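For reference, the structure discussed in these notes is given below.
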Amino acid sequence: FPVDERGAEKSVVDYFSETYGITIQRTQWPCLQVGSQQRPIYLPMEVCKIVDGQRYSKRLNEKQITGLLEFTCQRPKNREDDILKLKYHDTGKQKNCLPQVGQWNMKDKKMVDWGTVNNWICISFCSKVGPKLAQNFSTKLADTCRIYGMAFNPVPVIPPLNASPDQVEEVLKTLYRKAMNKLQKQNKELDLLIAILPDNNGSLYGDLKRICETDIGIVSQCCLSKNVLDIKGPYLTNVALKINVKVGGSNTALAAAIPPVSDGRTIIFGADVTHPSPGEDSSPSIAAVVASQDWPEITKYAALVCTQAHRKEVIQDLYKTWQDPVRGIVSGGMIKDGVSEGQFSHVLLEELDDIRKACASLEPNYKPTITFIVVQKRHHTRLFAKNHNDRKFADLKGNILPGTVVDSDICHPTEFDFYLCSHAGIMGTSRPAHYHVLWDENNFTADALQTLTNNLCYTYVLLPSS
């Protein structure tokens with residue numbers, strides 16, 4: 001190809017060698033023309049990767065058209081089943097699952113995306129659980145993980161050991177160094193720490209999580225001693241599901257697409273603030289933001305956590321810039337949330353503008369369409385079935401069925417809001433979440449947004465106290 005106006009030419013092989021230090025191996029392959037006719041850009045195939053999820057806009061061939069019609073022309077009952085079902089891995093006996101009253105189990109199913117635990121360690125901070133019991137529990141846990149699809153090495157890097165809770169920091173760092181010294185010789189990383197805690201562990205749980213996540217940098221799974229001394233299958237299954245998500249896997253996904261989210265690349269953000277207990281006057285509030293990263297399934301989330309002013313409801317620093325000594329002006333920040341109804345206008349005037357600035361900092365012309373929803377659970381609204389004994393409208397506890405939506409009568413007369421009870425009421429009276437749409441550039445219909453919010457709840461993984 002020509003490299004200057006005088007007609008000098010250079011081969012693609014020489015160009016990539018001189019510019020990028022890449023030696024093109026398959027010189028007989030044709031290049032890909034990824035530019036325009038007026039300004040062609042030639043790239044060797046072996047340096048290119050096809051990005052997943054791109055829309056194919058050219059005409060389909062006859063075989064593709066036939067396959068598309070076979071998929072889309074379903075009978076009503078089959079289409080309904082696809083919409084309502086959850087998807088699991090194809091190698092399991094049960095590939096799809098239809099939740100009943102918001103509940104289902106893992107029998108005959110395998111996780112939809114498997115995580116891997118090759119190298120792990122176990123430590124018991126409970127005198128009742130010695131190394132032998134800890135090893136027995138860990139072996140059964142590894143077996144359970146493998147049953148549901150994970151790759152889990154049954155042998156720990158270092159045999160399980162006991163330690164005193166008042167030496168948690170010293171013991172964790174020492175054990176971590178020993179394990180890493182052994183693994184680094186093999187160029188391997190430590191995947192997981194299994195920690196067995198006393199039933200009444202006080203501050204031990206918080207100290208262990210802080211050390212693992214801020215000092216050491218290792219994924220941890222805590223288990224109470226009562227569950228180790230009396231091992232039950234459902235408990236092992238629950239822990240296995242938590243571990244799979246922590247090491248990068250996904251337990252389940254929605255079998256059908258979620259319009260309009262599945263039609264175009266979409267990120268689902270969630271944000272919240274946790275405040276210190278009453279009487280704690282000096283402790284900071286904790287703000288957290290999560291964002292989905294595996295469109296179109298929406299099952300994996302990246303998380304960002306930070307401290308902020310004591311009992312401040314609004315998450316600080318949605319978008320901020322600062323001067324870095326090396327990189328110059330750097331931008332970043334977090335999403336804001338946790339607002340009351342009196343702050344709705346503030347959200348629209350200021351926070352939406354901050355989101356725009358954050359998007360523009362990535363690319364000058366990056367202007368994604370935004371739907372901004374405030375979700376409130378701290379309210380006193382409760383929904384009741386007309387007949388608590390009618391299983392068409394209430395569960396065995398008399399609570400309304402999961403998926404119940406109310407978007408009239410008790411909602412705002414002109415604004416876009418609704419109540420959704422997406423969970424099963426196990427104890428007490430179910431509390432619906434109140435969704436208030438403050439801004440919607442995606443033109444959601446009420447049905448579409450209500451379906452989306454309800455369906456996302458079924459890909460949720462219970463991680464607190466783990």
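A few points about this structure:
- Percent of Cα pairs exceeding the 15 Å cut-off, where the set is segment 93-157: 61 percent
- Using a probe of 1.4 Å, the accessible surface attributed to Leu396 totals some 150 Å² when neighbouring protein chains are kept in position.
- Between Ser408 and Glu441, the contour length at 0.36 nm per residue exceeds the alpha carbon distance by 9.6 nm.
- For the chain, leaving out every one of the chymotrypsin sites (Phe, Trp or Tyr not before Pro) that falls in a DSSP loop and has at most 16 other Cβ atoms within 10 Å, the longest unbroken run is 105-365.
- Positive dipole terminus of the chain, leading residue within Ser220, Val155, Asn387 (C-beta point charges): Val155
- Where trypsin sites (Lys or Arg not before Pro) fall in DSSP loop in segment 99-203, at most 12 other Cβ within 10 Å: Lys107, Lys185
- Our analysis of segment 116-249 gives Rg over Rh at 0.93, with the two radii drawn from alpha carbon positions and Rh computed by the Kirkwood formula.
- Label point of Leu161 set 7 angstrom out along Cα-Cβ; within segment 110-153, amide nitrogens under 16 Å from it belong to 120-127, 130-132, 134-135.
- Extension gain, Asp199-Leu396: 0.36 nm per intervening residue step, less the Cα-Cα distance, totals 67.8 nm.
- Annotation: for a label point projected 7 angstrom from Cα along Cα→Cβ of Cys48, no residues of segment 236-271 have a backbone N closer than 11 Å.
- When a 1.4 Å probe is rolled over the protein heavy atoms, the share of accessible surface on segment 116-249 that falls to carbon and sulfur comes to 51 percent.
- The stretch between Cys31 and Cys306 holds 94.3 nm of extra length on full extension. This uses 0.36 nm per residue minus the Cα-Cα distance.
- Heavy atoms of the protein chains alone define the surface here; on that basis the chain has 62 Å² accessible area per residue at 1.4 Å probe size.
- Gyration tensor over alpha-carbon atoms, the chain, equivalent ellipsoid semi-axes in Å: 40, 35, 28
- Share of carbon and sulfur in the accessible heavy-atom surface of segment 383-466 [1.4 Å probe, %]: 56 percent
- The modelled label-to-label distance for the pair Asp281/Ile147, using points 7 Å beyond Cα in the direction of Cβ, is 5.3 nm.
The values are calculated or read from the model by the stated rules, or taken from the named source; none is laboratory data. It should be emphasised that the depicted structure is a prediction, and the values quoted were computed from it without experimental measurement. Because the Cβ atoms are built from the backbone with ideal geometry, glycine has one as well, and the counts that use them run over all protein chains shown. Accessible surface areas use protein heavy atoms only, side chains included; no ligands, DNA or RNA. Shrake-Rupley method; radii C 1.70, N 1.55, O 1.52, S 1.80 Å.
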